[in-house]
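J.: So that we are looking at the same thing, I have put the structure below in structure tokens.
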Amino acid sequence: MTYVCAQCKKKLAQEEGALRCPYCGSRIFVKERPNIPREVSTD
């Protein structure tokens with residue numbers, strides 16, 4: 001699973017133990033959502 005740092009927006013792979021961004025030191029992460037196109041009806 002891939003996480004994105006909330007502060008510097010860099011992608012990180014899941015690691016064992018506590019997560020910490022090696023670039024900025026932040027501990028706030030967001031799960032990256034898959035890029036799936038949505039269908040919207042125009043009725």
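J.: As I understand it, the dipole of the chain uses +1 on the Cβ of Lys and Arg and -1 on the Cβ of Asp and Glu, about the Cα centre. Which of Tyr3, Pro22, Pro34 lies farthest toward its positive end?
T.: Pro22
J.: How many Å³ per residue does the convex hull of the Cα positions in the chain occupy?
T.: About 93 Å³ per residue, rounded to a whole number.
J.: Per 0.36 nm of contour for each residue apart, how much would the distance between Val4 and Ser41 grow if the chain were fully extended, relative to their Cα-Cα spacing?
T.: Value of the extension gain: 10.2 nm.
J.: Also: Normalised by the number of residues in the chain, what is the relative contact order in percent for Cα pairs under 8 Å and 6+ residues apart?
T.: It rounds to 40 percent for the chain.
J.: How large is the charge dipole for the chain, taken about the Cα centre, if only the Cβ atoms of Lys, Arg (+1) and Asp, Glu (-1) carry charge, to the nearest 20 debye?
T.: Magnitude of the dipole: close to 260 debye.
Bear in mind that the values in this text are calculations on the coordinates, not laboratory data. Worth saying up front: this structure is predicted, and the values here are computed from it rather than measured. No Cβ is skipped: glycine too gets one built from the backbone with ideal geometry, and neighbour counts run over all protein chains shown.
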